[in-house]
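In what follows, a structure is listed as C-alpha cells, so that the remarks can point back to it.
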Amino acid sequence: VAGDQVMGLKVSKLTEGGLVFLGKAGRVAPDLRGRGIAGKLYVHVDDWMRQNRPTVKYQRRVALSIGSGAESRKKFMRHIFSLPFVGYRCGPSLWWRQDPAQLAQLDTTGLPDVVPLQDADDDFCTAVQKWLPAQARGYDGKPIILVDFDPYTLCPANLKRLQAHSSLHTLKYEGEVSLSILTSYHAPIGRMLCIDVYAKDVTSFQKHVLKHLHDGALSFTRDQICVRVFTGLFVLEDSIHEFCRDVLQMELLLGPNFNAVVFESEL
C-alpha cells in the first residue's frame with residue numbers, strides 16, 4: 001500500500017495443521033505491473049511466515065504449464081508433479097441442461113452409483129493414491145492431490161476438512177475405489193464446477209462427472225456452467241476431451257494440453 005492506493009496483494013492459507021502454506025492468488029494494480037511488485041510480495045509473505053508461523057515447514061504453489069508462472073517457479077521451487085487440466089462450458093439451452101434426466105442415457109458404464117463419501121480412513125486413501133502420478137509426493141513422502149488448484153496431502157483429516165466446503169463422492173467396484181471432489185462457486189464467466197476425479201479408467205471418470213453435472217444442472221438452471229476438471233492420470237486426458245466435446249457437446253474453455261504444475265519448497 002502506498003498512501004491510500006493498494007498496489008498489490010497476495011493471498012495464502014495454512015493447511016496440514018499449520019505445517020504447509022499454500023501460495024494462492026496474487027494481484028498487482030494494472031498501472032503498476034512490470035515493476036517487480038509481485039516478486040516483493042512473494043518475498044514478504046515468506047518472511048512473514050518464518051517470523052510469525054514457526055510451525056510452517058513447506059510451501060506449495062500451483063501454476064499453469066502454459067505461461068510464465070511455471071517457468072519462474074522452477075528457479076526456486078522443486079517441481080513435484082503435473083496433472084491434466086481440462087476446461088469446458090455450456091449455456092442453459094444445451095439439450096441436457098434443459099432436461100438433466102437425459103444424462104442418465106449416457107451412462108452405459110454398468111457401474112454402481114457414485115455415493116457421498118462417509119468416513120474415509122487410511123486404507124481408503126491408500127486405495128485412491130494409486131490413481132495419482134508416482135511422483136505426486138511431498139517432502140514428507142505423503143501423496144498430494146489437487147482440489148480446485150490447491151495441493152493437499154491425501155489423508156483422512158484433510159478429506160474431512162474438505163467436506164466443509166466441497167462435495168466428496170466415491171465409487172466402489174470390484175475391489176477398487178475412486179474419489180471425486182466437487183467445488184462450486186460463482187465466477188465472472190458463470191457457475192464454476194471444479195471437479196477433481198481420481199479414478200483408474202475413463203468409465204469411472206464418466207460416472208463421477210455425470211453425477212456432478214446432473215446435480216449442477218438441476219441447481220443452476222439459468223447459469224452458464226463452466227467445468228474445470230483435474231484428473232490424476234494423463235492416460236485419461238484424450239478420453240476426457242472426447243467425452244466433454246463430442247458426447248456432452250460442451251464448448252472448449254481451456255486447452256487442450258493445459259497442465260496444472262505443482263511445486264514445493266522448504267520454507
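The values are calculated or read from the model by the stated rules, or taken from the named source; none is laboratory data. What you are looking at is a predicted structure, and each value in this text was computed from that prediction instead of being measured. Ideal geometry is used to build each Cβ from the backbone, glycine not excepted, and the neighbour counts take in all protein chains shown. For the accessible areas, the whole protein counts, side chains as well, though only heavy atoms, and no ligand, DNA or RNA atoms are used. Shrake-Rupley method; radii C 1.70, N 1.55, O 1.52, S 1.80 Å.
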Checked ALA164, ALA104, ALA134 against criteria (over 26 Å from LEU22 (Cα atoms), of a type in the set (A, V, I, L, M) and open to solvent by 30 Å² or more (accessible area, probe 1.4 Å)); the one match is ALA104
- Query: Among the residues of the stretch 120-129, is there at least one that is in contact with an Asp or Glu (Cβ under 9 Å, 6 or more places away or on another chain) and not acidic (Asp, Glu)?
  - Reply: yes
If you go through SER93, SER65, the only one that is over 30 Å from HIS214 (Cα atoms) and among the polar types (S, T, N, Q) is SER65
Filter the stretch 103-141 for residues that are within 19 Å of the chain's Cα centre (by Cα) and in a strand (DSSP E or B); the one that is modelled with the lowest pLDDT is ARG137
Answer yes or no as to whether ALA120 is under 21 Å from VAL209 (Cβ atoms), in contact with a strand residue (DSSP E or B) (Cβ under 9 Å, 6 or more places away or on another chain) and not aromatic (Phe, Trp, Tyr).
yes
Per the filter on the stretch 14-39, residues touching a residue at least 24 places away in the same chain (Cβ under 8 Å) and closer than 19 Å to ARG73 by Cβ are THR15, VAL20, PHE21, LEU22, GLY23, LYS24, ILE37, ALA38
Residue pairs within 6 Å by beta carbon, gap of at least six or interchain, first lying in the stretch 137-156 and in contact (Cβ under 8 Å) with a residue 12 or more places away in the chain, second part of a loop (DSSP other than H, G, I, E, B) and basic (Lys, Arg), listed first then second, are THR153/LYS142
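Quick grid of which residues meet (1) at pLDDT 95 or above; (2) over 28 Å from ARG60 (Cβ atoms):
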residue: HIS186; (1), (2): no, no
residue: VAL197; (1), (2): yes, no
residue: HIS208; (1), (2): yes, no
residue: PHE220; (1), (2): yes, yes
residue: VAL229; (1), (2): no, no
residue: VAL247; (1), (2): yes, yes
residue: GLU251; (1), (2): yes, yes
residue: ASN257; (1), (2): no, no
residue: SER265; (1), (2): no, no
